[in-house]
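The values are calculated or read from the model by the stated rules, or taken from the named source; none is laboratory data. Computed from a predicted model, the values in this text were never measured in an experiment. Here the Cβ is made from the backbone with ideal geometry for all residues, glycine too, and neighbour counts use every protein chain on show. For the accessible areas, the whole protein counts, side chains as well, though only heavy atoms, and no ligand, DNA or RNA atoms are used. Shrake-Rupley method; radii C 1.70, N 1.55, O 1.52, S 1.80 Å.
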Amino acid sequence: MPAIDDVRLSGAALLRAKGGTLSLRNGLLLFGVISLLGNAIGAAMRYPEIGSAVLFPPYAALTAALVVSSRRHWVWFILVGDLTHFVAHWPQFSVSWILFADVANICRALTAAVLLRWLFRDALKLDGIVDLLRFVASAVVIAPAVGATIGAANVVLHGGSDSYLPPWGAWFTSNALTGLTMLPAFLLTVVNGPPWRGHWTRSRVIEVVVLGAVLAATCTGALMLRGDSRWQLALILYAPLPVLIWTALRFECVGASYALTAVAFTAIWAADRRIGPFLTAPPDEYVLDLQLFVGLTSLTVLCIAAVSSARNAAFHLHRALMASVHDHVAILDARGVVVEVNEAWRRFAETPNIAPSQRVVEGDDYIAACRAAVDDDDRIGQQGLIGVLSVLNGDRKRYEIEYDDSWTGTPHRYSFSIEALESPDGGAIAQRRDVTARRREQLEMEEQRRELSHLARVSALGQLSGALAHELNQPLASIGSNAEAARILLKRRPLDNGEIDNILRDILSENQRAAEVIRRLRALLRRGETRLQPLNATELISEVLELAHAELITRRVTATSVIAPNLPPVLGDRVQLQQVLLNLILNACEAMRSTRPSDRRLVLLVNAGAPGQIQVSIRDCGTGISPELIERLFEPFVTTKPEGLGLGLSISRTIVAAHGGRVWAENNADGGATLHFVLSAAVPEATAGELSFMLGSASAPSSAAAR
Amino acid sequence: MTPDSAGPTLRLSIAIVDDEELVRISLRRLCRALGLAASVYASGKELIEALDARDARPDCLLLDAHMPDMTGLEVQQQLVGRGVRFPTIVYSADDAPEALDRYAGAGAVAYLRKPMTGDQLMATIERAVTASRATQQAR
């Protein structure tokens, strides 16, 4: 039967079980044996005084089987459960009684299984009070109540009781106690696999043996004695607690549940044999006594086990976390003593030739080690001292540096941070990370960005080459004509010294102008490191306009600059900002290609934007930017020009962003577009007086109206 | 008429239009050193105003091609429209061969590429003036 073979018993999609797999056949066989045994024990533990068993193991067995098995196999387990129930109870009970009781058993186990699977979707575990509350609510309260409601009806119908409530109470109590004692052991065993399958150290085996022996001794010693006085009774009833709590702390809920089951069975067995402490009560009360003892002890011990289990889980998680972090981590207490380090920190601390302050491990005083560094010329330790003191004193939450470490001979770059711990006791966490590779990548990226922006500059100047040739030819032509005129004048008598002097002065000044063009060109063509310096916006713009002057004439564009007075300097790289300006100006010219020549006006506006900022706006009268393009304008490879690569604006954005500014575009209400960018002012903004705008052409340096 | 009669002794009058002041001045100096009378104008508009006011009666015009507002080409077209008779020599730093065709089409008689030597300038002016006079006499 293929449906039965090799089905994961524990493989229900809803529950992650670590217990491995069992074929359905083996699973059913195992369940059948346990269920038969459980039914026999249950039947043997029936107390005529209450008309029910004190504990009913089949409840635990069927619930555990349903929780871990696939839903489509439930029917098999239910059938086997019924069969074993029948075998154990027939012919003592009538067939109709047994079948009715079956219905109660099935409903109870189904309720528990469905609730448990729903509440513990990821994995069934009893780590913490919340888990325990979920378990108790579903398997100790609701499911037994469902079973009792049907079971009590059965008792009444078959004449076992005149009233409904007493059998209800007996059914409920018996199953609730089963849920508290043996069900956790059954569930956790089928979910996690039998405890003996795990990894056992020798000390753990010894501990289990000793624990078992002490438990057995306590149970037989205490629960089979009869206490004649109150103190003897108290001693007997409390005697199992220490060993139970020991079990709960060391073996969590599964161990506690096994121990509780043992205690419960011993108590019941002793009572059955008419020995032990419960027989001191009157005959109709001792069962209640026994049940209260088992129930309250179980609840207490399970609580302790759940809390301990949560604590253990947190501890294991903490250890795993520390071990899995590749950074070197050390935890310091409020005095700066190292409380804990992770494996990475320890390994690093053992590296030969590292700075002395980096050799600290658990128990060492980090502050003292860093203080010693002051004498050792250990710069890393000195930095660490500043960091640890400022964080532990509460001056700051986090201290972070990057440093180059060449102590070991091979230079490495580390990022080191000390952060205050959010804990009532204070303390700090120190983290060290090797960022050599990241740093190298960063430098390479910067280099590539520089290369790209240099290429873009060269390409922009390439566009200007005709205009630039003109720009150089102009002074050369003037120099040539002047020199020829001088040669002719020199042959004349009398010599006109004044005119010759004028000519030479003009030659010098034109020579200066040609040199200036070349100087500007060279500055833009050079690939240099980024150099931030305070720059005057007016100078910056007039230099770019000089460079673009001939191009503007060729394109018949009239450029005007309007620069607010008293602007603070901007902090930036001259060449890169000129590149941005040149790029935006050339783009604006391109946008006005189809505009009537007399309307090709370009306006550069510079004013104080937000406080501490300078805003530059380049306004054209071109075709504007289409709405679908305006958002993506600064993305790479977005272009409107047929021959454009679409890199100019994207590089401009990168440059402006690297200056801590931003660039954006908008269409003008009266046609054309304006591109804006903001830059940070180099110094805190001067008192913002009234900003009277001054037309650029009216002031000499910012005059940019194309000549 | 012999070719000699068109020599510099006649003291030809040259009008120079260039937007760059220093270029303008250097050309005026060169023309004067070459024995020509020279007057300078910063734009085509200035020249046309001077012509209208009859302040200028040049024998030849030296015209910069590369100017804002009104390019050399536009100045030339305007002058042709007004029926001026003096020849125009256009000069520019522009290397493009089609530039000459453009100006020739607009009525310029010669094209000079900057920077030019005094000899080039003189020879071009003489050739232009001679050709222009020959044309006018032929009419």
Review point. Quick check: is even one residue across the stretch B:61-75 at pLDDT 85 or above, under 26 Å from A:Leu552 (Cα atoms), touching a Lys or Arg at 6+ places or on another chain (Cβ under 8 Å) and surrounded by fewer than 22 Cβ atoms within 10 Å (Cβ to Cβ)?
Key: no
**Study point:** Matching residues, the stretch B:91-119, being within 14 Å of chain A (Cβ to nearest Cβ), modelled with pLDDT of 75 or more and open to solvent by less than 20 Å² (accessible area, probe 1.4 Å)
**Key:** B:Tyr91, B:Ser92, B:Leu112, B:Lys114, B:Met116, B:Gly118
Study note, to complete from the structure: Per the filter on the stretch A:481-495, residues surrounded by fewer than 22 Cβ atoms within 10 Å (Cβ to Cβ) and either within 7 Å of chain B (Cβ to nearest Cβ) or outside any helix (DSSP H, G or I) (or both) are A:Ile488, A:Leu489, A:Lys491, A:Arg492, A:Arg493, A:Pro494, A:Leu495
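Results for (1) of a type in the set (Asp, Glu); (2) in contact with a Leu (Cβ under 6 Å, 6 or more places away or on another chain), shown as yes or no for each residue.
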| residue | (1), (2) |
| --- | --- |
| A:Arg432 | no, no |
| A:Ala437 | no, no |
| A:Glu444 | yes, no |
| A:Glu451 | yes, no |
| A:His454 | no, no |
| A:Ala460 | no, yes |
| A:Gly466 | no, no |
| A:Glu471 | yes, no |
Exercise for review: Name the strands (runs of 3 or more DSSP E) wholly inside the stretch A:534-640 in which the number of residues that are within 14 Å of chain B (Cβ to nearest Cβ), without any contact (Cβ under 8 Å) to a residue 24 or more places away in the chain and open to solvent by less than 50 Å² (accessible area, probe 1.4 Å) is 3 or more.
Suggested key: none
Check your understanding: Can you tell me how many residues in the stretch A:66-93 are assigned to a helix (DSSP H, G or I) and closer than 19 Å to A:Ala139 by Cα?
Key -> 8
Revision key, fill the gap. Note on the stretch B:81-90: residues more than 12 Å from B:Gly44 (Cβ to Cβ) and either within 10 Å of chain A (Cβ to nearest Cβ) or open to solvent by 80 Å² or more (accessible area, probe 1.4 Å) (or both) are B:Arg85
Check your understanding: If you go through the stretch B:69-86 one residue at a time, do you hit one that is within 21 Å of B:Leu27 (Cα to Cα), of a type in the set (A, V, I, L, M) and outside any helix (DSSP H, G or I)?
Key -> yes
Review point. How many residues are in a loop (DSSP other than H, G, I, E, B) and either touching a residue at least 40 places away in the same chain (Cβ under 8 Å) or under 12 Å from the mean Cα position of the chain (by Cα) (or both) if we restrict to the stretch B:36-65?
Key: 6
Study note, to complete from the structure: From the option list A:Ser453, A:Ser459, A:Ser509, single residue qualifying as open to solvent by 40 Å² or more (accessible area, probe 1.4 Å), among the hydroxyl-bearing types (Ser, Thr, Tyr) and away from every other protein chain (no Cβ under 14 Å) is A:Ser459
Exercise for review: Scan the stretch A:250-269 and give yes if some residue there is more than 30 Å from A:Asn192 (Cα to Cα), of a type outside the set (Val, Ile, Thr) and either part of a helix (DSSP H, G or I) or in contact with a helix residue (DSSP H, G or I) (Cβ under 8 Å, 6 or more places away or on another chain) (or both), otherwise no.
Suggested key: no
**Study point:** Matching residues in the stretch A:191-231 - criterion: being under 26 Å from A:Gln291 (Cβ atoms) and either within 48 Å of the chain's Cα centre (by Cα) or in a loop (DSSP other than H, G, I, E, B) (or both)
**Key:** A:Leu211, A:Gly212, A:Val214, A:Leu215, A:Met224, A:Leu225, A:Arg226, A:Gly227, A:Asp228, A:Ser229
